[in-house]
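Let me begin by presenting the structure, written as structure tokens, before commenting on it.
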Amino acid sequence: MGQKATERIFEIEAEATVEVEAGENVAGLEELRVKWLGRKSELTGILRGIAGLEPAERGLVGGSANKVREKLEATLEARIAELSAAELETSLSTDSIDVTLPGSPVRAVGHLHPITRTRRLIEDVMIGLGYQVMEGPEVEHDFYNFTALNHPDDHPARMLQDTFYVEPGGGAPAEVGKQDVLLRTHTSPMQVRAMEAAPPPLFMIVPGKTYRRDSDATHSPMFHQVEGLAVAEGITLADLKGTLLAMLREIFGPDREIRMRPHFFPFTEPSVEFDVSCFKCGGTGQLGKGDRCNLCKGIGWIELGGAGMVDPNVFGFVRDAGYDPDSVTGFAFGFGIERIAMLRHGVGDLRLFFDNDVRLLEQFS
Ligand SMILES: [Zn+2]
């Protein structure tokens, strides 16, 4: 019985080897694998039947069957590798490529830049609060950028190292001097332009590009600001606080609080800087078990921008347009759009927004 089984095993090896070596394609070889080595193959049957053999014969039959199985597997793999290479070679040399078909995977259509999305978010929130969105010139007169905003002649922001000045064109009137035209250093000039254009009440925001001679991880020579201005009878600092709170809760979440700290700006009096409570640690300054929050540096507050009540001196420049400092009051605020985007998206370096590296931009799709 054992003798017969061993003979049959070597017959199987011979027959299978002939068939495998004659195989002409990969699919056909897979069928041969099932036929000779599969669960229902004769060889597998022999191996299953070993238990019924005389104990003395089991080792010989089992050993032979396993050896033949391994040899057949190796022969199959070798033949499949040989045929795969040949099939690839054939398809590469004969298949033509339709270059008009879309690539695979299809490239996504582009999307809005994170700064644009942040600006639109802020605009949506403020439109919801009844504000109109205005735009103003980026090349501005000194009068709107500084003088009418109550900056004295010797204010440091007027110095060449802070402000980009623009050579007046050949057609400019003689009285336009070398430092009368500049790239606006803030969006605030539109406060004056908007008040010149329409009487109170006025509720408007101005998002846009501004320019200063600054460049590091949190400053860029070109950056975006949003200016806000509200003027009407009886506006108070409490209205400013309520407006900032409503806006920042829309942007950073309904649980945020704000605080205002005394500060100085030439065109507001009193002036404040405003902070929002940290959305990472919930304003506690700590994460988990006593670890200092890295976003607010353990303070619990994040500095956002400047604000204040419009200085009566500013109304003095637009008194003729209906802004009598004795009858109207107002507040103004301003902050950087990049700062909001950096905080919302955890971007550590402002300059990344303007490198236009798609590896960064694609993360905002
Ligand atoms: Zn924090």
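The table below lists the values:
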item: Members of the stretch 219-265 found to be part of a helix (DSSP H, G or I), more than 26 Å from V347 (Cβ to Cβ) and of a type in the set (A, V, I, L, M, F, W, C), listed by number; result: L237, A238, L240
item: Residue check, F331 modelled with pLDDT of 90 or more and either assigned to a helix (DSSP H, G or I) or polar (S, T, N, Q) (or both); result: no
item: When residues of the stretch 287-300 are limited to those that are part of a strand (DSSP E or B) and either among the β-branched types (V, I, T) or more than 8 Å from the ligand (Cβ to nearest atom) (or both), the one nearest to T243 (Cα to Cα); result: R292
item: Those residues of the stretch 238-265 which are in contact with a strand residue (DSSP E or B) (Cβ under 7 Å, 6 or more places away or on another chain), within 16 Å of the ligand (Cβ to nearest atom) and without any contact (Cβ under 8 Å) to a residue 60 or more places away in the chain, in sequence order; result: L248, R256, E257, I258, R259
item: Of residues in the stretch 14-55 being of a type in the set (S, T, Y) and buried (at least 16 other Cβ atoms within 10 Å of the Cβ), the one nearest to N66 (Cα to Cα); result: S41
item: Pairs with Cβ under 9 Å, 6+ apart, first in the stretch 275-290 and outside the structural domain of E257 (by TED's automatic domain parsing), second within 11 Å of the ligand (Cβ to nearest atom); result: none
item: Total residues in the stretch 42-77, condition out of contact with any helix residue (DSSP H, G or I) (no Cβ under 9 Å at 6 or more places or on another chain) and either under 24 Å from G23 (Cβ atoms) or not in a helix (DSSP H, G or I) (or both); result: 4
item: Given (1) closer than 28 Å to M195 by Cα; (2) at pLDDT below 90, number of the condition R107 does not satisfy; result: (1)
item: Residue ID - nearest to the ligand (Cβ to nearest atom), chosen from residues in the stretch 266-282 that are surrounded by fewer than 20 Cβ atoms within 10 Å (Cβ to Cβ) and in a loop (DSSP other than H, G, I, E, B); result: K280
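This table checks each residue for (1) among the hydroxyl-bearing types (S, T, Y); (2) in a helix (DSSP H, G or I).
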site: A16; (1), (2): no, yes
site: K40; (1), (2): no, no
site: A81; (1), (2): no, yes
site: S91; (1), (2): yes, yes
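Residues checked against (1) small (G, A, S); (2) surrounded by 13 or more Cβ atoms within 10 Å (Cβ to Cβ); (3) without any contact (Cβ under 8 Å) to a residue 60 or more places away in the chain:
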residue: V68; (1), (2), (3): no, yes, yes
residue: I97; (1), (2), (3): no, no, yes
residue: D142; (1), (2), (3): no, yes, yes
residue: L149; (1), (2), (3): no, yes, no
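The values are calculated or read from the model by the stated rules, or taken from the named source; none is laboratory data. Note that the structure is predicted; figures quoted are calculated from it, not measured. A quick note on method: Cβ atoms are made from the backbone with ideal geometry, for glycine too, and the neighbour counts reach across all protein chains shown.
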